[in-house]
């Protein structure tokens, strides 16, 4: 189920964050207390929505956070709708609550924070580092509520 905001999101338990992309989807997971966030290998192929749901269930999380790509003025783009469509598809595979968080500038922040020495490093690490930032931002929002 997609929830409108974090007020309706679980207050306890591990959560998983995704940075969805057409080619790769970055993945990060929190610990039970939401103190630490750990990156996981990105999802690279297949039915992304199904794989995201399978991974969320395997990680035994209480909820899913997905980065929502908004324009700099806050408006939605074609990619924003694609992310919303993937989230709707995820609901076919799991009953976990899904909430969105603005992902503006997460990829550039991840690039600045990372040690990427090659194109391979960028392809294998950047998306999950972006997912880590998305999840850390979500946890900060939840903690402020």
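For this structure, a couple of remarks:
- Residue satisfying condition, being farther than 22 Å from residue 82 by Cα, at pLDDT 95 or above and not in a helix (DSSP H, G or I), within set 11, 34: 34
- Tabulated pairs, region 121-145, first within 11 Å of residue 30 (Cβ to Cβ), second at pLDDT 85 or above and assigned to a helix (DSSP H, G or I), C-beta under 6 angstrom, 6+ apart or interchain: 142/6
- So residue 65, is it surrounded by 14 or more Cβ atoms within 10 Å (Cβ to Cβ) and touching a helix residue (DSSP H, G or I) at 6+ places or on another chain (Cβ under 6 Å): yes
- Residues (touching a strand residue (DSSP E or B) at 6+ places or on another chain (Cβ under 8 Å) and assigned to a helix (DSSP H, G or I)) located in region 37-52: 48, 51, 52
- Every residue from region 2-11 that is surrounded by 13 or more Cβ atoms within 10 Å (Cβ to Cβ) and either more than 15 Å from the chain's Cα centre (by Cα) or more than 20 Å from residue 137 (Cβ to Cβ) (or both): 10
- Residues considered: 14, 34, 71, 84. Of these, the only one that is touching a strand residue (DSSP E or B) at 6+ places or on another chain (Cβ under 9 Å), farther than 20 Å from residue 139 by Cα and surrounded by fewer than 21 Cβ atoms within 10 Å (Cβ to Cβ) is 84.
- All positions within region 71-92 that are in a helix (DSSP H, G or I) and within 14 Å of residue 50 (Cβ to Cβ): 85, 86, 87, 88, 89, 90
- Test: residue in region 93-109 that is farther than 14 Å from residue 138 by Cβ, touching a residue at least 60 places away in the same chain (Cβ under 8 Å) and part of a helix (DSSP H, G or I): yes
The values are calculated or read from the model by the stated rules, or taken from the named source; none is laboratory data. Bear in mind the structure is a predicted one, so any value in this text is a computation, not a measurement. FYI the Cβ positions are ideal-geometry reconstructions off the backbone, even for glycines, and counts take in every protein chain you see.
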